[in-house]
Amino acid sequence: MIITDIRIQSYRLPLDPPFYAAWDPIPRRHFDATLTIVETDVGIVGIGGGDTMAGFESYKSFFIGQNPLQIARHVQVIETLNFHAARYWPLEMALWDIFGQSLGTPAAQLFGGFTTKILAYASCGELKSPDARAESALALHEQGFRALKIRIDLRRMDEGLQAMTAVRRAVGAAMDIMVDFNQAWRMPGDIAPSADPAAAQHLADVLHELGVLWLEEPLQGADVRGLAALRSRSKIRIAGGEMARSLADLLAYADADALDVYQPDVVLAVGLLRTRMLAEWVMARNRWFTPHTWSNGLGLLANLHVTAGVGGGPYLEFPYDPPGWTVERRDFMFTEGIFTDAEGYVHIPDRPGMGKTIDWDRLKHYAR
Ligand SMILES: [Mg+2]
């Protein structure tokens, strides 16, 4: 089997009303998704997504004519491109899709096949008033979710802590609650200063008292020593690594034992193969592996397969914060979205490869 073509197609879904992501100073009035479509000479087509593939056209020739199943070779090439251009991990996702289809097995089997379902946590992206956030937590619990993650904004700490307290009061011990402080990286153009160690320590102490499961990205991502120090002084679990730029960055966290929860996103950080390796390492040391998944339905799907395959957990991030962020918006490229069941589990699709069907007819309306 050889790769005969790689096509990159982008789509833009208008968002009305807009979505106000806590980490983004600009409201999102549209939602972009790029599909990476890998064609082969045997008719198998692999689909990847979750990142933009910006500038990939000039590097296509490294892959055309190659065997798509030589994934370790392709990963090494993508790593060289990652240094010079952008992150092309959606291509790797498409190759695993082809691999699974060629064997007639779900991709999760290729990563270890540990399980076919994982408990999801509702990852809430908007800043809401304490009352509204408590109400949303109760609605999520009603839908079967056993955990949710909320955001606390550095510039609105008091309000964030009030929202956290209101959620705990509303759901009691019935749900695990995580908090994301989003200090590790910034959206393009956002040069607001990050939290300093004293602010992070204060937050860690308060959230521990509220029984929070983990505190995510309390400091700048590059502050490995700061994270390690915070972790050693705090009783709460420290999470991070979602947008690490290289395997070396993630190994630096591991070497410093800076995190309790490792969260590299397989399509936004270091790819599926490398993340699988890191996940095995992390879990062998009794730390948690549970990746970031906040890109789009394709990104969630790739992370779902890797996490189910290696047996990560205890939860998988499930970006969901209605009415602003819904399955319909997140998964607009699929004929059927990725849903949780009544017990709060998300299941890997029971079909070969990545296992979801692209809604090409619908996507025509959103082509860019
Ligand atoms: Mg996060």
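The Cα center of region 302-321 and the Cα center of region 131-167 differ in position by 21 Å.
When both bridge partners sit in the chain, DSSP labels roughly 55% of those beta bridges antiparallel. Pairs over the 20 Å Cα-Cα cut-off, from the set Lys117/Lys356; Lys60/Lys364; Lys128/Lys149: Lys60/Lys364.
Structural descriptor for region 236-368: relative contact order 17 percent, calculated from alpha carbon pairs under 8 angstrom and at least 6 residues apart. Centroid-to-centroid, using Cα positions, region 43-78 and region 210-229 are 34 Å apart. Taking all C-alpha pairs of region 83-152, those more than 16 Å from each other amount to 66 percent. Build a GNM of the chain with springs between Cα atoms under 10 Å apart, and of Trp294, Trp185, Trp96 the one that fluctuates most is Trp185.
Gain on full extension, evaluated as 0.36 nm per residue between Asp153 and Arg351 minus their Cα-Cα distance, stands at 67.3 nm. Look at the alpha carbon pairs under 8 Å that are at least 6 residues apart: their mean separation over the length of region 19-115 gives a relative contact order of 28 percent. The charge dipole of region 110-347, taken about its Cα centre with unit charges on the Cβ atoms of Lys, Arg (+1), Asp and Glu (-1) only, comes to about 420 debye. Gln76 to Glu280: FRET efficiency via 1/(1 + (r/R0)^6), r the Cβ-Cβ distance, R0 25 Å, to the nearest 0.05? Calculated transfer efficiency: 0.85.
Size of region 28-167 from its Cα atoms: along the principal axes, largest to smallest, the extents are 57, 35, 25 Å.
With 10 Å bins beginning at zero, the pair-distance distribution over Cα atoms of region 107-224 amounts to 13, 41, 28, 16, 2 %. Of the trypsin sites (Lys or Arg not before Pro) found in region 236-305, the ones in coil according to DSSP and having at most 13 other Cβ atoms within 10 Å of their Cβ are Arg285. Relative contact order of region 110-347, taken over Cα pairs closer than 8 Å and 6 or more residues apart, is 25 percent. All alpha carbon pair distances within the chain were sorted into 20 Å bins beginning at 0; the resulting P(r) in whole percents reads 30, 60, 10.
Extension gain for the segment Thr116 to Ser61, taken as residue separation times 0.36 nm less the Cα-Cα distance, is 16.2 nm to one decimal. For the peptides 103-110, 157-164, the ranking by mean Cβ contacts within 10 Å, running from highest to lowest, is 103-110, 157-164.
Each 10 Å bin, from zero up to the one with the longest distance, holds this percent of the alpha carbon pairs of region 1-93: 16, 42, 25, 14, 3.
Read-outs: derived from the displayed coordinates by stated rules, not from any lab. Note that the structure is predicted; figures quoted are calculated from it, not measured. Quick reminder, even Gly has a Cβ in these numbers, built from the backbone with ideal geometry, and neighbours come from all protein chains shown.
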